[in-house]
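Read the structure below first, then the notes.
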Amino acid sequence: MLLGRFAATKDSRILVGAGIGLDAAAIRLGDRVLVAKTDPITFVADEIGTYALLINANDLATMGAKPKWFLATVLLPARSTTASSVTRLFGQLHRICRSLHVSLCGGHSEITDAVTRPVVVGCLLGECAPSRIITAAGARVGDAVLLTKGLAIEAVSILARVRPNEIRRRHGARFLARCRRYLTKPGLSVLKDAQIALASGGVHAMHDPTEGGLSAALHELAEAARVGLRIEAERIRIFPETAKLCTDFGLNPFGAISSGSLLICLDPAFERRTIARLRTARIPVARIGTVVHKREGVMLIDNHRVRPFPRFAVDEVARVFQQSRTLNT
C-alpha cells in the first residue's frame, strides 16, 4: 500500500497521520492540536470557491476541530480566464470564509495551460483540544450508525451545474433550480451536524461520504476501525431530486459523491438524544445500521436479504463524465 510505504513518520507530535478513512492530519502543538486538510475541487467550475471551503471544512468537522485558516492554490485556464471570473472566484472564497469565521491567509494563483477549467486546491487548518480528536478508526462494536440528510447531495449539485440543459429539458427550470440549491439546501456542509453530535455525547467516530459516496465511506470506516457494519437499505434517505437524477443518468446513489451527509458512530445510549437534537436543528437523520465484528463484513440488508454492501471502482458521477468524454471523442 502506498500510504504504508511513503507516508510513514516517526514524529511523535503527529497524532493522526495518513491512513484509509482518516479525514485529516492532527499534530500536537503544546496544549492544542492543529488539524490540517487539503482537497482539490475538480468536478465543477461554478461556485468552485464555495465548494473548496465546504469540502475541506467537512473533514475538519468530522475530527472535532474548528476550522480557522484557509490557503488556496488557484489554477486558471489560459484561454478562458477573465478579470471578472477571477474576481467572482475570490469573492466566493471571501464570502464563505467570512460565513464560517475562517481567515483566508495565503496560497497561490496562476494562469496556466496545464488546466482547461479552474481548479482550486484548498488547505484548511483548524484546532481543537487533544481530548476532542475523533477519527473513523474509533468506531466500536455495538455502536449505532447514524446518517444525516441523505445520499448523493453533492452529486445532485454537481450534475445541476455541468448538465443543466439536459436536466431542464427533462424536468423544467424549477426542478433544475432546486437541484442547484442542493449546495446550500440540504447543503454540503456538515459542520453543524458534527458539532451537534459531539455536544450530545457518546460519539466514537464520524466520517464524511465524499468521492465514492456512502459505499466508499462505509468501507473506509470499517477498514479504519477494523470492524464490520450491518446497514439497512430502507432506512437510508434518498431525496426526490436525487432519485430522479440517478434514474436519468444511470447512477447508483450508494456510489455517488455525497458530501453533505455525515456518518456518526456512537454509543446507543446517546442515540435518542443525538437524533432529537439534530432534528430540532432541522437536520434530517436516521439510524441506518449497527457496528458489528469485523468477521461479519460490511453488509446491506435489503428486503430481508443480506448481501455485501456494493462497491464501485470509480465514483458514479465520475463514471458518467468519463462515458461522456468517450462518446465525444
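The values are calculated or read from the model by the stated rules, or taken from the named source; none is laboratory data. Predicted model, so just to flag it, every value in this text is computed and none were measured. Virtual Cβ from ideal backbone geometry, glycine too; neighbours counted across all protein chains shown. Heads up: the accessible areas ignore ligands, DNA and RNA and are worked out on the full protein's heavy atoms, side chains in. Shrake-Rupley method; radii C 1.70, N 1.55, O 1.52, S 1.80 Å.
The helices (runs of 4 or more DSSP H) found wholly in the stretch 127-229 and carrying at least 1 residues that are in contact with a strand residue (DSSP E or B) (Cβ under 6 Å, 6 or more places away or on another chain) occupy 153-162, 191-200, 213-225. Kindly establish whether Ala72 is part of a strand (DSSP E or B) and of a type outside the set (Ser, Thr, Tyr). It is true that Ala72 is part of a strand (DSSP E or B) and of a type outside the set (Ser, Thr, Tyr). Among the residues making up the stretch 307-327, those that are open to solvent by 80 Å² or more (accessible area, probe 1.4 Å) and either in a helix (DSSP H, G or I) or free of Cβ contacts under 8 Å to residues at least 60 places away in the same chain (or both) are Pro308, Ala313, Gln322, Gln323, Arg325, Thr326, Leu327. Figure legend. Inter-residue proximity from the stretch 33-47: first residues more than 14 Å from Val74 (Cα to Cα) and in contact (Cβ under 8 Å) with a residue 24 or more places away in the chain, second residues surrounded by 20 or more Cβ atoms within 10 Å (Cβ to Cβ) and among the aromatic types (Phe, Trp, Tyr), beta-carbon distance below 9 Å, spacing 6+ or different chains. Indicated pairs: Phe43/Tyr51. Number of residues in the stretch 273-327 that are more than 20 Å from Ala256 (Cβ to Cβ) and among the hydroxyl-bearing types (Ser, Thr, Tyr) equals 3. Consider the stretch 162-186 and keep the residues that are touching a residue at least 60 places away in the same chain (Cβ under 8 Å) and within 18 Å of the chain's Cα centre (by Cα). The one that is nearest to Pro240 (Cα to Cα) is Cys179. Filtering the stretch 109-134 to residues that are surrounded by fewer than 17 Cβ atoms within 10 Å (Cβ to Cβ), among the charged types (D, E, K, R) and modelled with pLDDT of 95 or more leaves Glu110, Asp113.
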